[in-house]
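Take a look at the structure set out below.
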Amino acid sequence: MDISVIVPLYNEAESLPELTAWIERVMTANKFSYEIWFINDGSTDNSWQVIESLREKNPCIKGVKFRRNYGKSPALYTGFLRAEGDVVITMDADLQDSPDEIPELYRMITVEGYDLVSGWKKKRYDPLSKTIPTKLFNATARKVSGIKNLHDFNCGLKAYKKEVVKNIEVYGDMHRYIPYLAKNAGYGKIGEKVVHHQARKYGKTKFGLDRFVNGYLDLITLWFFSRFGVKPMHFFGLLGSLMFILGFIAVIIVGANKLYCLYNGLPYRLVTDSPYFYLSLTAMILGTQLFLAGFVGELISRNSSERNNYQIENELK
């Protein structure tokens, strides 16, 4: 099979017939063998009934219905597990992503050899309240991930080699950072294509401004796990040791200052009357706790069943 199209959706019943007809026209015109996976993320409208009626007309249409709303990442993960096409295309169900982009995305994967191609909605039909935070978010993601050539990490329209989606785990809200996940899994040939962005035709957006706050928190989490996930002592141990040493040196200075004053007959005050003593003590306690956190993290990491799960590309025997 040439292409698997994965469409996560939540309350998009109105757009599904038009989107399906559009995808079918593109696939027929280019003679692609294909399947369409609609992942119904707990919709409360009649989206599932629409999917069932579309399936009756076209056996290439398949679907999964969640009992409740889990989010976009679980929907994509579920679709990735079931995809059988050599190239996997993801797109949103709101008609803002154009299926006309599919042939070129397919060519970039199969001919140019990209592992992943992400869409870039260079000209957007969104309000400033959405576009400005998006630019800031993408600039930060580029800096942290090291993927300098991507302008739109969160674009729903992406293309992947089949092996990529089978070797990454999308969870929580990590769908925003799939290129970063792919890079961490060893798939470094990541490209970008300028894609057409259309104004929403039906319904309203399902995302609020809170996604930008959550996005930054997820980015920090992903950065930490990619750097220190299997070696937490390198982070917590180093930071804890530095804090303990600084606190210990500060305590010695406070005590030495009192002894100096005593020896020279100068006025002095009790060590416990100095705020620096308590600051130093706090630094030593925090340093110890951070060091112990790193030690516990090492114990957990060393007992993980996936501690030696490495991505192997080729092997000669």
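The values are calculated or read from the model by the stated rules, or taken from the named source; none is laboratory data. This structure is a prediction, so every number in the text was calculated from the model and none was measured. FYI the Cβ positions are ideal-geometry reconstructions off the backbone, even for glycines, and counts take in every protein chain you see. What goes into the accessible areas is simple: the full protein's heavy atoms, side chains included, and nothing from ligands, DNA or RNA. Shrake-Rupley method; radii C 1.70, N 1.55, O 1.52, S 1.80 Å.
Computed over the chain, the per-residue total of -39500 (n - 2.57) for DSSP H runs of n ≥ 4 gives a 222 nm mean residue ellipticity of -15500 deg cm²/dmol, rounded to 500.
Site pair Phe295 and Leu262 shows an inter-label distance of 3.2 nm when each label is modelled 7 Å from Cα along Cα→Cβ. If R0 equals 41 Å, the separation of the Cβ atoms of Val271 and Ile132 corresponds to a calculated FRET efficiency of about 0.20. Ligands, DNA and RNA left out, the accessible area of the chain computed with a 1.4 Å probe is 59% carbon and sulfur. Grouping the Cα pair distances of the chain into 10 Å bins from zero gives a pair-distance distribution of 5, 21, 27, 18, 11, 8, 5, 3, 1, 0 percent in increasing distance order. For the chain, the solvent-accessible area with a 1.4 angstrom probe is 55 square angstrom per residue. Where in the stretch 56-96 is the amide nitrogen less than 12 Å from a point lying 7 Å along the Cα-to-Cβ axis of Trp22? Only 91-96 fall inside the zone, counting backbone N under 12 Å.
Extension gain for Ile252-His234 works out to 3.8 nm (0.36 nm per residue, less the C-alpha to C-alpha distance).
The charge dipole of the chain, taken about its Cα centre with unit charges on the Cβ atoms of Lys, Arg (+1), Asp and Glu (-1) only, comes to about 720 debye. Compared with the dominant Cα axis of the chain, that is its longest principal axis, helix 72-82 is turned about 60°. Bridgeable lysines around Lys123 (alpha carbons under 16 Å apart, same-chain partners fewer than 8 residues away excluded): Lys135, Lys193.
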